[in-house]
Every structure is written in C-alpha cells, then in structure tokens.
Amino acid sequence: MKNARSSDPANNQPVHKIRHGAVSASIWRTETEKGPVFNVTFQRSYKDGDEWKNTVSFGRNNLLVIGLMAARAFEWIANQSQARKR
C-alpha cells in the first residue's frame, strides 16, 4: 500500500492505492471550494500474451475482493476527513 500524498493535478496520480492480487482500488482526491472530495476507481490487471492490460470488468471470484476493498477505501477516506477536523 502506498502512503497518502497531497493531490497534484499535474501528475494525476491517486492519493492512495489498495491492491489485492490482480485487483486494485485507486483513491483520487479533488479539491473543491468546500474541501477535498474523494472518488474511488477499481481495476483488474491481466496478461494478454506477454503484455499486461487493465480492465474494469470483474468476474464472480473478484466481487468479494471488490467489496472488501471498497470497505477499506471507505475507512481510509473517513480517516482523512477526521484528520482534517483535528
């Protein structure tokens, strides 16, 4: 897992990434007038011959992993909000 980083639109990188096997969740931060907003995207990596590719399509065996990663992403975002309030 990567540590939190401040958002920088120039590098367009997630502020946090959660990975389990071939499935990953990326947490993105956008600054707004009301403060930061976080969004989460999920993807699955797979190998096509010698080339690695990504997809946003998930099979039955990935769904539980996605659910658990969504819960972890939710907790991470909640912790960021709590840290801002201190």
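The values are calculated or read from the model by the stated rules, or taken from the named source; none is laboratory data. For clarity, every value in this text was computed on a predicted model and none was experimentally measured. Positions of Cβ are generated from backbone atoms using ideal geometry, with glycine treated the same way; all protein chains shown enter the neighbour counts. In case anyone asks, the SASA skips ligands and DNA or RNA and just uses the protein heavy atoms, side chains included. Shrake-Rupley method; radii C 1.70, N 1.55, O 1.52, S 1.80 Å.
Structure notes:
- Pairing each residue of segment 51-62 that is under 11 Å from Ala22 (Cα atoms) with any residue that is among the charged types (D, E, K, R) and open to solvent by 90 Å² or more (accessible area, probe 1.4 Å), provided the two are 6+ apart or on different chains, yields C-beta distances under 9 Å for Lys53/Lys47.
- Selection from segment 35-75 of residues that are within 23 Å of Gln13 (Cβ to Cβ) and of a type in the set (Lys, Arg): Arg44, Lys53, Arg72
- Number of the exception - Phe74 against (1) surrounded by 11 or more Cβ atoms within 10 Å (Cβ to Cβ); (2) in a strand (DSSP E or B): (2)
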